[in-house]
Amino acid sequence: MSIYTKNGDRGITNLIRSGNVSKADDRINLVGTVDELTSHLGLVKVMLKDQPDTVRILEKVQRSLILLMAGIADPYNKEYRVKPDETEILESEIDRMEGLFDRPKEFILPGGCRLSAELDIARTVCRRAERALASVTVKFGSDQGSRQYLNRLADYLYILARYTDARREGRLTGKDQDEPVMTEVHSAAPAAGSASDAVVAEVMKRIGLPARMNLKIAKRLIEKIEEEAKREGKAAVIAVCNPQGNPVAVHVMDDAFLVSFDVAMKKAYTSVAVKMSTMELSRIAQPGGTFYGVDKMDGGKIVIFGGGVPLVHEGMIIGGLGVSGGTGEEDHHLAEYGLSVLPQILREEI
């Protein structure tokens, strides 16, 4: 699969639960800034020699930042939250390093050495990310753990830069005085790029996020279901929607009923709206059931007969599938077949 998709050529990208998001959106700006910070920390890592403990901390920081980016892309998933103990690790390191030298109280002019200068750049990018997160918090909300982490990370990078200068100048006290010093590498810092589809996709790949429904996946799924329907001698309309219930693709087989077009789309929508198959919904929507009367809600977009199933990957709904053309049981059977081939399609397409 090519690294370029051309999806963002119009200045539009996607988040996990939101499609057609402008690249000028505050959330995309935040993702890009955090990604930029992660790259700066990568440069700092290669400038360290014989300091495995510091490298491990920075790698842990990078993983936490990737988790933070995932939380921006999917703020409703509590698994993508920076835990308080990650902030506590930074605080412990700040306290340890501050005890090893006299920290200057006056304003610091960055550039004591190449490494401390790179750390100061990373610190200022971190502060920019913190401001971007504040803007996102006002408009969309954010978890407190992420805000605390970025704030403390900037402090950690500042102290690490001052500690680096103190080592170079021989101002350390205690056992750290004799440890190997950090070595400078004369290499250019990576250029900071703007947030794009590739940034969000890379976040999803690194953190193990589920696939996102797109037209290519939807078309492959429809093709498979159509082949199965033909083998069974049935004609149907097959609809696929995204997690928000918006249509991604609708296919009408030859000789399918005209009414099936609308019904298939409603089945796909219903499956993501109630997070269950329409066959299961039909059982609990009978008189006396938990969902009795649900088909009268949402402007008539909810249906309670078989043929709609939520499309799930890695435990998360990535879309909905609706099949209409036969009885509820027949349509449900084709929808279930679609679910069975979805994993193979995703492995081939992502």
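The values are calculated or read from the model by the stated rules, or taken from the named source; none is laboratory data. Note that the structure is a prediction, hence the values are computed from the model and not measured. Counting neighbours? That spans all protein chains shown, and the Cβs are built from the backbone with ideal geometry, glycine included.
Key figures
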item	result
Selection status of S271, under 27 Å from K78 (Cβ atoms), in contact with a His (Cβ under 8 Å, 6 or more places away or on another chain) and outside the structural domain of D35 (by TED's automatic domain parsing)	no
Matching option when the condition is surrounded by fewer than 18 Cβ atoms within 10 Å (Cβ to Cβ) and either assigned to a helix (DSSP H, G or I) or among the aliphatic types (A, V, I, L, M) (or both), among G289, G299	G299
Index of the failed condition, Y269 passing every other in (1) in contact with a strand residue (DSSP E or B) (Cβ under 8 Å, 6 or more places away or on another chain); (2) under 15 Å from I225 (Cβ atoms)	(2)
Conditions (1) more than 21 Å from E59 (Cβ to Cβ); (2) assigned to a helix (DSSP H, G or I); number of the one not met by S142	(2)
Filtered residues of segment 278-306 (kept if aliphatic (A, V, I, L, M) and farther than 18 Å from L321 by Cα)	I284, A285, V294, M297
Residues within segment 46-83 that are within 20 Å of A129 (Cα to Cα) and more than 20 Å from the chain's Cα centre (by Cα), tallied	2
Residue check for V240: in contact with a helix residue (DSSP H, G or I) (Cβ under 6 Å, 6 or more places away or on another chain), within 16 Å of L339 (Cβ to Cβ) and not hydroxyl-bearing (S, T, Y)	yes
Among (1) of a type in the set (A, V, I, L, M); (2) farther than 17 Å from E223 by Cβ; (3) over 20 Å from the mean Cα position of the chain (by Cα), the one test that I317 misses	(3)
Answer from V341, V312 - the residue that is touching a residue at least 40 places away in the same chain (Cβ under 8 Å) and of a type in the set (V, I, T)	V341
Criterion: at pLDDT 55 or above, within 15 Å of G322 (Cβ to Cβ) and surrounded by fewer than 18 Cβ atoms within 10 Å (Cβ to Cβ) - qualifying residue of K175, K266, K275	K275
